[in-house]
Structures are given as C-alpha cells and as structure tokens.
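Visitor: Quick one: structure below, then a few questions.
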Amino acid sequence: MRPSILVDVPFRFKDFVGNESTVTHLRRAVASGRLPHSILLSGPAGSGKYTLSLMITMALLCERQPREPHAGGDLADFCGECRHCTRIAESFDLPTLVEAAVSAREEMRETDKKDTRVLIQTHPDVLVLPPDPPQLLVKLGQVRSLIHGIYSLPGDSKRRVYLFPSAAFMKEAANSLLKVLEEPPSYAHIILMAEHPGELLPTIRSRCAAVRLGALSSPEIEQLLAARKPEVKPQQRALVARLAQGAAGRALSYDLESYLKARTDAMVLLRSATTDSEHTDLFKTTETYRAGAEGQQKTQAMLSALAGLLEDLLLLRSGVPDRMRNIDLGRELETLADSVTFAWLENAVRGLDNVISGMRRNLLRSISLDAFAENMADGRR
Ligand SMILES: [Zn+2]
C-alpha cells in the first residue's frame, strides 16, 4: 500500500514562466475537450516540458475542473487540492522517483530484474514512462505496460494519461507504440517529450500533434528566480539567468558558488595564457587538480567554465556582447578579447577539446592542464 500523504501542488499555471501563448492554447484545448490525444511536446532542456505535461494532466483529471474566463474561450485549470490533483502532483519530483524505482530493481533477484521496467505511477490513471537506465532509452517492456493498460476504461477519473519524459525509444519500443499512437482510445492522452523532435522516427512524429516550447529569455528566467528563489540577489539572478541559457530547471537548481570557484581557476588559466607574465599562479592552481573522482569532477567544472569564457571572448570579438554569459566579468573579458586574435581563440577552443579528450583517456590532469595553458600562450607568440 502506498502511503496517502497529501502533497502541496508546487506549481500552478500562473507560475509557469514563458511560452504564454502555447500554454494558453493548450489550456483552451483542454477546456473545450479538443486536446489532441497524441502530443509531441518539444523544447530545450529546462523549458518546462515535464512540468507543463503534469499540469495539463491535472487539468484533464481534476475533480473540480475550474475554468478561467479568457478572451477567445475559457482556459482549463486545476484545483490543486482534490485527490486527483494531489496524487498526480506526487510525480513532480521525477529524478527522486526514478532513483527509488531503480534501487528497488537493484534489490531484486537477477531473473526478476531483467523483466522489471522503470514505471512511475502515483495516480492509478496516470503512468509516467521515463527512459530506463542504464541505456536511458524507453524499452519495449514499458510500452507493453502502456498497451496493457490503455484499453481498459479509466478508474474514477474518466481519463488515462501516459507521459514519456524523454522520447528516446529503443527501436522495437517505438514500433510497438505506433498503432496506439495513431488511434488512442477516446479517454486517453499520450504526451511524448523531446528536446529535438528530429531525433524521433518520422512515423512517430506524423502521428502526434506537435507543440513546441521555446527557451526562456534571460528576463523571464530572472522573473522566475525572483518569484521562486527570492534569497538570490538581483545581480546574481542576472548572472544565473545567463548561465542557465534559457533553461528554467537549470536556473532554479544552479550552484552559483561552485561555478564561481571553478571560474576563478579558469580565469587564472586564461590570464596566464593571454599575458606573458610568470606562470606561478597557473602552476599553483593546476597543482590543486588531482587524480581521482573528486579531482575529475573539479577539472570538468573548471574546463566547462573555461569553455564558457572562451565563448564569451568569441562573442565579444564578433561584436555581439549582448549574448555573453559572464556579464559580471564584462570589462576584464573585453580587455582579454582585445588582446587576442580570432585565430588564437579558435586554437584555444581546439586545445580545450584535446584536454577534454585527454581526460577521457585518463591522462594526468595537472600535466595536460599546464600543457594546454602553455600551448595557448605559445599560440600568441
Ligand atoms: Zn483538482
């Protein structure tokens, strides 16, 4: 028996930032009973595909079916309090649920493990089918669970909803979904979510109504942070909004402190490569990068910060400073950008790729970092 804990519904339609006309369109379709039965919801990571899908599911199943008057037709809403809304809302924290399902599977006997697929179900009429680890693909067994359940009438909610948070399918899983996707029962909805719809088989795409979410603008993300994380100062909000690159989820969970630490080291590397000064600071910094899992994580964070800084330098050199991410370093990066050529920057980006692939081959990290900095510095001479 699952415990019946009532959870707070963490989101309402009014809290969903960005893509307003798309959201309005979907809510109107729910209110008028014209929501397509097979939907492909696409958009970049963090644009809110899963959150919106669950809100649409709540609007479809909500016991009270509240409506918001709106020009051009009422918009569907959900109460957030009834037994359907609260149970569906338990599915919001997908990573935790998937982790729990995966570790439950780990505990099983080998023979049972093989046939157990990850499925998330917090409401009897709503099934979430996440990509199954370790391959992170939707598998045949998962699609079979959908086919097994979708043709029996829903319980007391009058609808059945199936959600695929990532539409990366194993081929046979995709093929077995085609028929039901073509013509789901009148009470059922299937929502596939994908970052790039182009990666899906055309046979899947052609059976779904396409709905697209765009990346959020920096001001939209700042607005979201102001509402949901008021403790973050306005200046930090502006920086995080840029660093998250249009992804609301990433912005809300952004670890700015760790990023700034990694970036400080990346700047030491960059400064020593772009000036003819002694490399004392550089060696002091790279010395702290050691082998082992922790060192690897630290190195990856620093290299990714460095890649972002190089991109900013490229943007500055290309005359589009508006798009740079590290806005708090604006002046220093401008000076750096003036001191290097385009060819140097391209060489540095290539060199960084080499360091990253060297890391994959598990070379001594401090050596390849020094070599990389030396190489960048040589490029200027
Ligand atoms: Zn409700």
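The values are calculated or read from the model by the stated rules, or taken from the named source; none is laboratory data. Because the structure is predicted, anything quoted here is derived from the model rather than measured. Backbone-built Cβ (ideal geometry, glycine too); neighbour counts: all protein chains shown.
Visitor: Output the residues belonging to the range 15-25 that are part of a helix (DSSP H, G or I) and surrounded by fewer than 20 Cβ atoms within 10 Å (Cβ to Cβ). Before the answer, list the steps.
Guide: Of all residues in the range 15-25, those part of a helix (DSSP H, G or I) come to 15, 20-25.
Once the filter is applied, which keeps residues that are part of a helix (DSSP H, G or I) and surrounded by fewer than 20 Cβ atoms within 10 Å (Cβ to Cβ), the range 15-25 yields Asp15, Glu20, Ser21, Thr22, Thr24, His25.
Visitor: For the subset of the range 288-318 comprising residues that are over 27 Å from the mean Cα position of the chain (by Cα) and at pLDDT 75 or above, which member is farthest from Ala373 (Cα to Cα)? Steps first, please.
Guide: Filtering the range 288-318 down to residues over 27 Å from the mean Cα position of the chain (by Cα) leaves 288-292, 316-318.
So of that shortlist, the ones also at pLDDT 75 or above come out as 288-289, 316-318.
Details: Thr288: 15, Tyr289: 14, Leu316: 21, Arg317: 21, Ser318: 23 Å.
Here the residue is Ser318.
Visitor: Glu199 - would you say it is acidic (Asp, Glu), in contact (Cβ under 8 Å) with a residue 40 or more places away in the chain and closer than 25 Å to Ile56 by Cα?
Guide: On the way: acidic (Asp, Glu): yes; in contact (Cβ under 8 Å) with a residue 40 or more places away in the chain: no; closer than 25 Å to Ile56 by Cα: yes.
Criteria not met by Glu199.
Visitor: Considering only the range 101-117, I want to know if a residue exists there that is assigned by TED's automatic domain parsing to the domain that holds Ala31, closer than 18 Å to Lys171 by Cα, among the basic types (Lys, Arg) and touching a helix residue (DSSP H, G or I) at 6+ places or on another chain (Cβ under 7 Å).
Guide: yes
Condition check ((1) under 19 Å from Thr122 (Cα atoms); (2) charged (D, E, K, R); (3) crowded, with 21+ Cβ neighbours inside 10 Å; (4) in contact with a His (Cβ under 8 Å, 6 or more places away or on another chain)) across all residues:
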{"residue": "Gln142", "(1), (2), (3), (4)": "yes, no, yes, no"}
{"residue": "Leu146", "(1), (2), (3), (4)": "yes, no, yes, no"}
{"residue": "Arg159", "(1), (2), (3), (4)": "yes, yes, no, yes"}
{"residue": "Leu163", "(1), (2), (3), (4)": "yes, no, yes, no"}
{"residue": "Ser166", "(1), (2), (3), (4)": "yes, no, no, no"}
{"residue": "Ser176", "(1), (2), (3), (4)": "no, no, no, no"}
{"residue": "Ile191", "(1), (2), (3), (4)": "yes, no, yes, no"}
{"residue": "Leu200", "(1), (2), (3), (4)": "no, no, no, no"}
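Visitor: Residues of the range 334-371 being touching a Gly at 6+ places or on another chain (Cβ under 6 Å) and modelled with pLDDT of 75 or more, which ones?
Guide: Within the range 334-371, Trp344, Asn347 qualify.
Visitor: Tell me which helices (runs of 4 or more DSSP H) are completely within the range 26-119 and hold 2 or more residues being within 16 Å of the ligand (Cβ to nearest atom), or say none if there are none.
Guide: Values: elements: 49-61, 83-89, 94-106, 110-115.
Result: 49-61, 83-89.
Visitor: Is at least one residue of the range 11-25 away from the ligand (no atom under 16 Å from the Cβ) and under 30 Å from Thr116 (Cβ atoms)?
Guide: No, every residue in the range 11-25 fails to be away from the ligand (no atom under 16 Å from the Cβ) and under 30 Å from Thr116 (Cβ atoms).
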